[in-house]
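Presented below is the structure to which this report refers.
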Amino acid sequence: MSKRFRPTWAGWFIALLCAFVFLSWIDLVRIRHVGYVTHLTQGAGRANASGSPWRPELVVPEHNNASYRWLDRARLMFDRGIARVRHIDYENAPIGHDIWTTSPYCWWIGAIAWFDQLLTGHPIGQSLEAAALIADPLLHLLLLVATAWFVARRFGGFAAGAVAVSLAALFPFALDFLPGMPEDRSLVHLAAIWSLLLIVAGVRAAAAPEAAAGPSPRRWFIAAGVAGGIGLWLDTPKQAPLLAGVVLGGVLNWLIDFWRAKTGTTTRLALPWRAWSISGAIAVFAAYLLEFFPSHLGSWQLQAVHPLYGVAWIGAGELLTLLQAPRGAGRPLARTGVAALALAAMLAVPFAMWRTHSPGFFAADLAASYLTRMRDGASATSFLTWLLQEGFGASVRATLLPLILLAPAIWLLLRRNAPAATATSVALTLGPVLVAIGFACWQLAWWNEVDAALVALLAPVAAVAAQPAISRYVRWTLGAAGALVLLPGLWRVVPSAGVRLNQALDGPEVYTLIERDVARWLARRAPKPGAVVLAPQNLSVAFYYYGGLRGLPSFAPDNRDGLSAAVRILSASTPEEAKALVEQREIAYVAIPSWDSYLDVYARMGMGQLDGTFMNSLHLWKLPPWLQPVPYQLPAIPGFEGRTLTILQVVEDQDAAAALGRLAEYFVEMNQMDQALATAQELRRFPANLGAIVARAEVEDAAGNAPEFARAMEFVKPFLAVKADRNLPWDRRIALAVVLTRHKDARLARAQLERCYADLDEAKLRSLSTGSLYRLLALGKIFGLTIEDARLREFARGLLPDDLRARL
């Protein structure tokens, strides 16, 4: 290490070590909590009907179900033996849709999972869940160590210590690397920071004496271009504005230089902008081919990496090259022509966005309105809305305090006698910060990019404090002030007491546990694997991850067709219209959770209001004859007793009596007795229908109304005497056997039960509610009946939860 770093090596190394230990501690605490929640047995003890030795278990923290999409894609890569997944059918089912999010993050998770499988021999799905716990924290630690070391080498120990502490404490940036919540944002931040830091390193190399410069500025700028190209590959909507911010910084530097030229204090640096832009463009072209060759070339999906960004980048590089050229150099006409071509190249992207109606780098997803991935964090449509909602609360203060760094940055930029390297470095990193702040005023999630750009800006600003002219006491004062600025963010990064001590679950964790349970339950009773379920996007993603059930809407911005289909169905004005759309999409179930109102949102999106929509009729229990409610009991979790999950199955058209009878039985099983009794009154309209009378008897028996139950059973016996039960549906025959048993007509009950056992098969068993299936098997035990087929017998028992299976 050179002499200029020796006095401060201990300080920055200690800062790095403290940041490393702090991040390792909070990650281990969170990993332990994820494991605690994942292995809770509440509702998860139902048998694995597929017989697989492994099934998905991971409970992603904070109900951040979008993370499951990365695990799903990585599983598909391993299952299909492919390196890229460009089309999926579990969203926008059964058609599916093309995927425009890129693959490197899946490769990162897959590489960790492959290594875990190599060491442990676990199934790849289990290894992927292990990888999900460490993928983002590992990236955070790699970013911390590599960045601190690099900054120490190029900018000095004081700057390295400041950067190390910032990477661990910046809020909300540090919360984008949480364990168990895999998402590509962590890899995007890494590329963004290094695409800026390498430029600043190139600027310092250009200003250093030739003997001490090390690698040439050209090499640094080429490396920065490659890093920026990788960033565009990873996340175009995030990286493209930051690159535009570099161009803005170049223009800002030119303006400041022009202003200083009047005082004769300027020292113009010749920066290799052409090398930066060409290397970046080559990286973009290579990434585009690697990601989309051969079947998706020629697309105009500008929210993903595209050659047009390379063209625009080359134009930006030429423009910056022209700006730094000495005034009067070259022929004016040639300079004007080059400038015109450069501007035309830069405008290629916005022109293509306009012509193709593509949002391009303005694309946003549902996560854009969240400050962090913590669901108890801030959420708003814009920064101003958030400010009006929260005022200058703790989250706002922790987010805005790091912007204090802009004050010394602007002072250095405007200082007439500031070294050219310092002023240029500040200008080139200040541009991305300003652009990021502009986007952050529109989307809260962009505050993470603001922090990433601030880290790059911090390096050249803090490097000034390491100069010999600055006393040690001033450096200590600056360090203490910086620590105070970061302290509010650091406090919010620390896990809560509940997470540290594995205390009572919070709401998001409970919802994920419930979704895991219902996904497994529904997958076992679905008529076929991969059945389509219409549900909110959070539940749809969980259904596929845990149960292999496909859905329509999702978090993906490239799944607009799935969202549109859900909107059309739920906002339909008539049941006939809804049925046609449901059949077109092969939907088998509709799932309506009380804790997620997105189905109502979809209905309003189509109709403008909830009244008069198909969704509203479902809320009012005005079910069409092709929908049948399926009782599902939520796991018993203290504090969440009021939540419900309504599941409706698409069936063949039922007659009115059968539909009402099944609805009454549903209300009884769900212990909604007021609605059950009201439905029983409606069933009186069918005095000649045996199924309707049986349903009335079920309701009166459950309500403890013995006289009415006996009266209903008196109507049943004449039907049986004339064998009018011959056409009774199979599930209604089970109900008849139950009420006959309750009425102590054992002979008649056994006769009905024998017919049920003689006719049962796997499809019929799947069609039963949990309560009906239990009663079928319990009555069989009472009357000495058993399912002869051993496989079918085990299948029937496997459909029951542990507690009911134990009673048998």
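Please count how many residues of region 289-321 are of a type in the set (A, V, I, L, M, F, W, C) and not in a loop (DSSP other than H, G, I, E, B).
Going through region 289-321 one residue at a time, the tally reaches 11.
Among residues belonging to region 582-628 that are small (Gly, Ala, Ser) and part of a helix (DSSP H, G or I), point out the one that is nearest to Pro536 (Cα to Cα).
Once the filter is applied, the top-ranked residue is Ala603.
Which one is nearest to Pro495 (Cα to Cα) among residues in region 391-415 that are open to solvent by 70 Å² or more (accessible area, probe 1.4 Å) and not in a loop (DSSP other than H, G, I, E, B)? It would help to see each step written out before you state the result.
Step one: list which residues in region 391-415 are open to solvent by 70 Å² or more (accessible area, probe 1.4 Å), which gives 392, 397, 404, 410-411, 414-415.
In the following step, the residues that additionally are not in a loop (DSSP other than H, G, I, E, B) were identified as 397, 404, 410-411, 414.
Details: Arg397: 19, Ile404: 26, Ile410: 35, Trp411: 37, Leu414: 41 Å.
Top of the filtered list is Arg397.
Given the conditions (1) open to solvent by 40 Å² or more (accessible area, probe 1.4 Å); (2) aliphatic (A, V, I, L, M); (3) modelled with pLDDT of 95 or more; (4) more than 29 Å from the chain's Cα centre (by Cα), and given that Ala286 satisfies all but one, which numbered condition is not satisfied?
Condition (4) is where Ala286 drops out.
Taking region 112-133 on its own, how many of its residues are hydrophobic (A, V, I, L, M, F, W, C) and over 22 Å from Arg30 (Cβ atoms)?
4
So which pairs qualify, if the first residue must be in region 557-585 and of a type in the set (S, T, N, Q), the second must be surrounded by fewer than 18 Cβ atoms within 10 Å (Cβ to Cβ) and not in a helix (DSSP H, G or I), the Cβ gap must be under 8 Å, and the two must be at least 6 apart or on different chains?
Cβ pairs passing all conditions: Ser573/Gly612.
Just to be sure before I move on: is Leu248 more than 27 Å from the chain's Cα centre (by Cα) and in a helix (DSSP H, G or I) in the structure I sent? Before you say what the answer is, go through the steps one by one.
Values: more than 27 Å from the chain's Cα centre (by Cα): yes; in a helix (DSSP H, G or I): yes.
The answer is yes for Leu248.
Just the residues that are without any contact (Cβ under 8 Å) to a residue 60 or more places away in the chain and either within 31 Å of the chain's Cα centre (by Cα) or surrounded by 21 or more Cβ atoms within 10 Å (Cβ to Cβ) (or both), please, taken from region 268-281.
Trp273, Ala275, Ser277, Ser279, Gly280, Ala281, listed by residue number.
Scan region 85-100 residue by residue and report those that are under 20 Å from Gln303 (Cβ atoms) and surrounded by fewer than 20 Cβ atoms within 10 Å (Cβ to Cβ).
Val85, Arg86, His87, Gly96, His97, Asp98
Pairs under 9 Å by beta carbon, first residue farther than 21 Å from Pro557 by Cα and free of Cβ contacts under 8 Å to residues at least 40 places away in the same chain in region 96-112, partner open to solvent by 30 Å² or more (accessible area, probe 1.4 Å) and among the aromatic types (Phe, Trp, Tyr), six or more apart or different chains?
Once the first residue is farther than 21 Å from Pro557 by Cα and free of Cβ contacts under 8 Å to residues at least 40 places away in the same chain and sits in region 96-112, its partners that are open to solvent by 30 Å² or more (accessible area, probe 1.4 Å) and among the aromatic types (Phe, Trp, Tyr) give Gly110/Phe78.
Based on what the data block shows, is Ile637 β-branched (Val, Ile, Thr), in contact (Cβ under 8 Å) with a residue 12 or more places away in the chain and under 30 Å from Val510 (Cβ atoms)? Break it down into steps so the answer makes sense when it comes.
Values: β-branched (Val, Ile, Thr): yes; in contact (Cβ under 8 Å) with a residue 12 or more places away in the chain: yes; under 30 Å from Val510 (Cβ atoms): yes.
For Ile637, the condition - β-branched (Val, Ile, Thr), in contact (Cβ under 8 Å) with a residue 12 or more places away in the chain and under 30 Å from Val510 (Cβ atoms) - is met.
Looking at region 6-51, which of its residues are touching a Gly at 6+ places or on another chain (Cβ under 6 Å) and either at pLDDT 85 or above or assigned to a helix (DSSP H, G or I) (or both)?
Thr8, Trp9, Gly11, Trp12, Ala15, Val34
Out of Ala130, Ala111, Ala148, report the one residue that is open to solvent by less than 10 Å² (accessible area, probe 1.4 Å) and either more than 19 Å from Leu198 (Cβ to Cβ) or not acidic (Asp, Glu) (or both).
Ala148
Quick one: how many residues across region 348-371 are in a helix (DSSP H, G or I) and in contact (Cβ under 8 Å) with a residue 12 or more places away in the chain?
Going residue by residue through region 348-371, those that are in a helix (DSSP H, G or I) are 348-356, 360-362, 366-369.
Those left that are additionally in contact (Cβ under 8 Å) with a residue 12 or more places away in the chain: 348-349, 352-353, 356, 360-362, 366-369.
Matching residues across region 348-371 total 12.
Looking at region 372-388, can you tell me whether even one residue there is touching a residue at least 24 places away in the same chain (Cβ under 8 Å), open to solvent by 80 Å² or more (accessible area, probe 1.4 Å), under 22 Å from Glu183 (Cα atoms) and not hydroxyl-bearing (Ser, Thr, Tyr)? Reasoning before the result, please.
Looking only at region 372-388, we keep the residues that are touching a residue at least 24 places away in the same chain (Cβ under 8 Å), and these are 372-380, 382-384, 386.
Within this subset, residues satisfying the condition of being open to solvent by 80 Å² or more (accessible area, probe 1.4 Å) are 376, 384.
Then drop every residue that is not under 22 Å from Glu183 (Cα atoms), which leaves 376.
Narrowing further to those that are not hydroxyl-bearing (Ser, Thr, Tyr): 376.
Yes, some residue in region 372-388 is touching a residue at least 24 places away in the same chain (Cβ under 8 Å), open to solvent by 80 Å² or more (accessible area, probe 1.4 Å), under 22 Å from Glu183 (Cα atoms) and not hydroxyl-bearing (Ser, Thr, Tyr).
For region 673-774, please list each of the helices (runs of 4 or more DSSP H) lying entirely inside it that holds at least 1 residues being free of Cβ contacts under 8 Å to residues at least 12 places away in the same chain and basic (Lys, Arg).
Correct list: 706-721, 746-759.
I'm told Leu800 meets every condition in (1) in a loop (DSSP other than H, G, I, E, B); (2) more than 22 Å from Asn671 (Cα to Cα) except one. Can you identify the failing condition by its number?
Of (1) in a loop (DSSP other than H, G, I, E, B); (2) more than 22 Å from Asn671 (Cα to Cα), only one is false for Leu800: (2).
For region 298-308, state whether one or more residues are open to solvent by 50 Å² or more (accessible area, probe 1.4 Å), over 13 Å from Thr102 (Cβ atoms) and at pLDDT 85 or above.
Taking every residue of region 298-308 in turn, none turns out to be open to solvent by 50 Å² or more (accessible area, probe 1.4 Å), over 13 Å from Thr102 (Cβ atoms) and at pLDDT 85 or above.
Of the residues Pro557, Pro553, Pro495, which is open to solvent by 30 Å² or more (accessible area, probe 1.4 Å), assigned to a loop (DSSP other than H, G, I, E, B) and either in contact with a helix residue (DSSP H, G or I) (Cβ under 6 Å, 6 or more places away or on another chain) or under 29 Å from Leu599 (Cα atoms) (or both)?
Details: Pro553 fails: open to solvent by 30 Å² or more (accessible area, probe 1.4 Å); Pro495 fails: open to solvent by 30 Å² or more (accessible area, probe 1.4 Å).
Every option except Pro557 fails the conditions.
Check whether at least one residue in region 635-643 is of a type in the set (Val, Ile, Thr), crowded, with 19+ Cβ neighbours inside 10 Å, in contact with a helix residue (DSSP H, G or I) (Cβ under 8 Å, 6 or more places away or on another chain) and closer than 30 Å to Pro801 by Cβ, and report yes or no.
So far as region 635-643 goes, no, none of its residues is of a type in the set (Val, Ile, Thr), crowded, with 19+ Cβ neighbours inside 10 Å, in contact with a helix residue (DSSP H, G or I) (Cβ under 8 Å, 6 or more places away or on another chain) and closer than 30 Å to Pro801 by Cβ.
Name the one entry in Asp596, Asp653, Asp611 that is in contact (Cβ under 8 Å) with a residue 24 or more places away in the chain and either on the phi > 0 side of the Ramachandran plot or open to solvent by 40 Å² or more (accessible area, probe 1.4 Å) (or both). Don't jump to the end; show me each part of the working.
Values: Asp596 fails: either on the phi > 0 side of the Ramachandran plot or open to solvent by 40 Å² or more (accessible area, probe 1.4 Å) (or both); Asp611 fails: in contact (Cβ under 8 Å) with a residue 24 or more places away in the chain.
From the options Asp596, Asp653, Asp611, the qualifying one is Asp653.
The values are calculated or read from the model by the stated rules, or taken from the named source; none is laboratory data. Quick caveat: nothing in here was measured; it's all calculated off a predicted structure. Because the Cβ atoms are built from the backbone with ideal geometry, glycine has one as well, and the counts that use them run over all protein chains shown. With ligands, DNA and RNA removed, areas are computed over all heavy atoms of the protein, side chains included. Shrake-Rupley method; radii C 1.70, N 1.55, O 1.52, S 1.80 Å.
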